[in-house]
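One structure is given below, encoded as structure tokens.
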Amino acid sequence: MSTSGSSGPAHTASPNAGATRGGFSSGLGVLAATLGSAVGLGNIWKFPTLTGANGGAGFLLVYLLSTLLIGLPLMVAEIAIGRQARANPISALRQLRPHGAPWWLIGMAGMAAAFLILSFYSEVVAWVFAYVAKALTGGLLSSDPAQTQASFDALVTDPVQSLVWQWVVLAFIGGILLLGVTRGIEAATKKLMPLLFLLLLLLCGYSLTLPGRAQALAFLFAPEWHKITPAVVLTAMGLAFFKLSIGMGTMMTYGSYFTASQNIPATATRVMLADLSVSLLAGMAIFPAVFSFGFTPSAGPALVFITIPAVFAQIPGGQVLLAVFFILTAIAATGAMLSLMEVPVVILHERWGLTRPRATLLTLLVLVLLGAGCALSQSTLAQFRPGGRTLFDWADHLSSNLLLPAGGIAIALFVGWAWGERAFAAQLSNHGELGNRALARLLCLLLRWVTPALILLVMLAGLGVFSGA
Ligand code: TRP
């Protein structure tokens, strides 16, 4: 179509757009933003309850293995792709592999996944924001679980509150994104992450003085091997994807903002370890309190929004602790949402040529529309359950157990086979500065064979393909 007669890459996103592109300004900024993306509702809402419900230490082990064999190599791969191309995921994949298979479709799927995840994620964050407001005004504490259940139900079955709080969350995150990558994402996460650790340690230290400590540790760390079924393994792997924000281009996008001197494998490992600590600390902050007052941990939203308020009502100063808990959850979710929303924003900005503010507003608009499906799934749309799931549950299930793993396979194959070991290794070593050739070789080998095969196997088994009874 082009009249320029050029036989080179057809796309226009310039590889040298770096000059005008925002980016993280320092190693600390890179770490804060990337950790900010990983840490989120996954640590507080998903990790403790999934570990408790699916076999304690056994589940933890499968989760750790997924993180090491699948999560870490993919995280490194995504960041390397992003930093090489210095562009949004679609342009990045086109740029690294302009001919042959349409690898850039991974970027398209990533944008779809981002919208899907955001539409349910923003609703859970909406409840968190609503609870921060209630905790600060003293409106939440009741030691009677029936009462806290009733006030949660009142929130989620009210279409107006569900929608309005979601809009508040979207506007808040959109507002930070309007400030840009450096002054928005980086500046916010640099302030928020230390605060998160401080609040979490405070809460955890307090909780571990309670008598339910031993029972809580047993709940989290005692293995129940018989509970480990293929579906549970898929859940653990899905959690590893969700936790590390991989499989849909988030880490690719953040990689494109990495400084040139950042050590990619070391950063990924640090983020993984810090994220794991947050998960474990969250479990140790929540469960001792739960057991100390004779509650049993329940799965899903009930734990955070129903059990925890009832538990904290028993503790002297519970009102303050409760506010601290929901504020720290809101902080954790903020960094994660920033990274999720940045993907469509930068794609719309760089590929569609919208200005960044317009790209942000368009993203918000789409999310207001899509998010409503999830926000209303317990009120107006409660009866709408195609295939037995609400829209909220579909968005959660499809993203973690299908889209992210599928994206992971594609990204692994892209690096292992299409982009190739030499370019990958050059990116990992900062063009020879770091002596990590052997590591690059090992990671490439994993990405070529082990990672995609493992993901595929776990997906098929977990979705029941082999259980031909
Ligand atoms: N990792 C975040 C959490 O644990 C969620 C998240 C942010 C995410 N960006 C992502 C999940 C990209 C999947 C893909 O809450």
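The values are calculated or read from the model by the stated rules, or taken from the named source; none is laboratory data. If you're wondering where the values come from, they're calculated on a predicted model, not measured in any experiment. FYI the Cβ positions are ideal-geometry reconstructions off the backbone, even for glycines, and counts take in every protein chain you see. We work out accessible area using only protein heavy atoms, side chains counted, and drop any ligands, DNA or RNA first. Shrake-Rupley method; radii C 1.70, N 1.55, O 1.52, S 1.80 Å.
So the values come out like this:
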| quantity | calculated |
| --- | --- |
| Region 395-435: chymotrypsin sites (Phe, Trp or Tyr not before Pro) in DSSP coil with no more than 14 other Cβ atoms inside 10 Å | none |
| Helical segments meeting 30 Å axial Cα length and Kyte-Doolittle 0.0 threshold in the chain (DSSP H) | 105-136, 187-207, 264-292, 318-351 |
| Whole-angstrom gap from region 438-469 to region 259-323, using each part's C-alpha centre | 30 |
| Semi-axes of the equivalent ellipsoid for the chain, Cα gyration tensor, largest first, Å | 36, 25, 21 |
| Net dipole in debye of the chain [+1 Lys, Arg Cβ; -1 Asp, Glu Cβ; about Cα centre; nearest 20] | 980 |
| Shape call, region 233-346: gyration tensor on alpha carbons, a/c limit 1.5 | prolate |
| Region 47-53 - phi-based ³J(HN,Hα) in whole Hz, Karplus 6.51/-1.76/1.60, Gly and Pro as x | 4, x, 6, 5, 5, x, 7 |
| Per-residue [θ]222 nm for the chain (sum of -39500 (n - 2.57) over DSSP H runs n ≥ 4, rounded to 500) | -21000 deg cm²/dmol |
| Where 59, 466, 293 fall by accessible area, highest first, once all protein chains stay in place (1.4 Å) | 466, 293, 59 |
| With every protein chain in place, region 25-462: carbon and sulfur % of accessible area (1.4 Å) | 69 |
| Heavy-atom accessible area per residue - the chain, 1.4 Å, Å² | 39 |
| Selected from 434, 165, 48, residue furthest toward positive end of dipole (the chain; charges at beta carbon) | 434 |
| Under DSSP loop assignment and at most 13 Cβ neighbours within 10 Å, longest GluC sites (Glu not before Pro)-free interval of the chain | 1-223 |
| Nearest-10 value in Å² for the accessible area of residue 394, using the 1.4 Å probe | 70 |
| Probe 1.4 Å - accessible area at residue 327, Å² to nearest ten | 60 |
